[in-house]
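Student: Here it is, the structure in full.
The numbers here are math on the coordinates, done by the rules we state, and not lab data. These numbers were taken from a predicted model, which means no experiment stands behind them. Methodologically, a virtual Cβ is constructed for each residue, glycine included, from the backbone with ideal geometry; neighbour enumeration extends over all protein chains shown.
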């Protein structure tokens, strides 16, 4: 499903592949806090390959972007400024900063609608699905974070 979504988005936004050409042969992983798997984005000569991997498989990546799911979705769709999210500590970056900046610059102004571009029949549901993803991420984060000790 992720590969299908990536190919549909690349087909609707061919300029993205041109802008991402310097990333060819590299992998960037995305970690949504509270979720068990990483999203691996491999940049190939003919397009993007996107899949879920475990954290051990993420070691081969040139860079890692981590943050809460709503921030990562906003970043991917260009609704949020990556620098602002970084300085607000909503996202963090490890590895080759140059690769992450190149990716961010490619995404800036592309006006990607992750749901609508990848699955056009679901376009009317894009905003409710975004909200649901945010609620699901918040719930997952609460379930995996340790409980706070009671006040004294």
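Student: Sorted by mean Cβ packing within 10 Å, highest first, what order do the peptides 61-67, 87-93 take?
Tutor: On the way: 61-67: 21.4, 87-93: 14.9.
Going from most to least packed, we get 61-67, 87-93.
Student: Using a simple spin-label model with points 7 Å from Cα along the Cα→Cβ vector, what separation in nm is obtained for residue 37 and residue 60?
Tutor: 1.6 nm
Student: If packing is taken as the average count of other Cβ atoms within 10 Å, what order do 13-23, 73-83 fall into, highest mean first? Provide the component values of the computation, followed by the final result.
Tutor: Working: 13-23: 15.5, 73-83: 17.9.
Going from most to least packed, we get 73-83, 13-23.
Student: I want to make sure I understand the PRE zone here: with the label point 7 angstrom from the Cα of residue 4 toward its beta carbon, which residues in the stretch 40-72 have backbone N atoms less than 19 Å away?
Tutor: 40, 48-53
Student: In nm, to one decimal, how far is the residue 111 label point from the residue 46 one, both placed 7 Å along Cα→Cβ?
Tutor: 3.0 nm
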